[in-house]
Amino acid sequence: MRILILCTGNSCRSQMAEGYLKSFDANLEVYSAGTYPADKANPYAVKAMEEIGIDIHNNKPKDVAQFLDQEFDYVITVCDNAKESCPMFTGKVKNRIHIGFEDPADAIGTDEEKMKVYRTIRDEIKEGFYKFYKSINF
């Protein structure tokens, strides 16, 4: 099963979701991308995932354009509809779904205050994507 997770910068939420899905099932082909990819994975996201034993520090943000000629069983957007416009994927897709999360990159304060926000979003992503995973694996 091929899954593409989309957001804007592909530095945080989509990277965490990719890490979770890969940790749930190594047989899934999981990719993530963004419409305006950042230079690197968000260091707070990397640290938040590292705390639970999922290593995403080598993940690189990718442009969605590199996946347009590929087929996917699922394309999942993770943007927060209230604040962002979700990217569209115009390639061949069997199922398009949205599992939205607030952007932890908006967090302000000390490093520890920011990490608290990242941990909250990380845990919400785990819950949302585990429900998705269970729905595709009866």
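Read-outs: derived from the displayed coordinates by stated rules, not from any lab. Just so it is clear, the model here is predicted, and its values are computed rather than measured. As a convention, Cβ positions derive from the backbone with ideal geometry for all residues, glycine included, and neighbour counts pool all protein chains shown.
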For the chain, what does the equivalent ellipsoid look like in terms of its semi-axes, each the square root of 5 times an eigenvalue of the Cα gyration tensor, given largest first in whole Å?
22, 17, 14
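So which of LYS22/LYS47; LYS47/LYS94; LYS40/LYS126; LYS22/LYS92; LYS92/LYS131; LYS47/LYS92 end up more than 26 Å apart by C-alpha? Provide the component values of the computation, followed by the final result.
Details: LYS22/LYS47 17 Å; LYS47/LYS94 33 Å; LYS40/LYS126 22 Å; LYS22/LYS92 22 Å; LYS92/LYS131 24 Å; LYS47/LYS92 34 Å.
Checking Cα-Cα distances, LYS47/LYS94; LYS47/LYS92 exceed 26 Å.
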Normalised by the residues of the stretch 2-136, what does the relative contact order come to in percent, with Cα pairs under 8 Å and at least six apart?
28 percent
Sorted by Cβ density within 10 Å, fewest first, the residues VAL46, VAL117, VAL78:
VAL117, VAL46, VAL78
How far apart, in nm, are the 7 Å Cα→Cβ label points at HIS98 and LYS116?
3.0 nm
Looking at ASN58, PRO104, SER23, which one has the Cα that reaches farthest to the positive end of the dipole of the stretch 2-136 (charges on Cβ: Lys, Arg +1; Asp, Glu -1)?
SER23
About the Cα centre of the stretch 2-136, how large is the charge dipole given +1 on each Lys and Arg Cβ and -1 on each Asp and Glu Cβ? Please answer in debye to the nearest 20.
320 debye
For the pair ALA107/GLU51, report the inter-label distance in nm, with labels modelled 7 Å from Cα in the Cβ direction.
0.7 nm
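Grab the other residues whose beta carbon is less than 14 angstrom from that of SER32, score K and R as +1, D and E as -1, and report the net. Mind dumping the intermediate values first?
Values: positive: ARG2, ARG13, LYS22, LYS40, LYS60, LYS62; negative: GLU18, GLU29, ASP63.
Every neighbour counted, the sum reads +3.
Loop-only trypsin sites (Lys or Arg not before Pro) in the stretch 48-138, please: DSSP not H, G, I, E or B, and at most 12 other Cβ atoms within 10 Å.
Details: sites: LYS62, LYS83, LYS92, LYS94, ARG96, LYS114, LYS116, ARG119, ARG122, LYS126, LYS131, LYS134; in loops: LYS62, LYS83.
Hits after loop and neighbour filter: LYS83.
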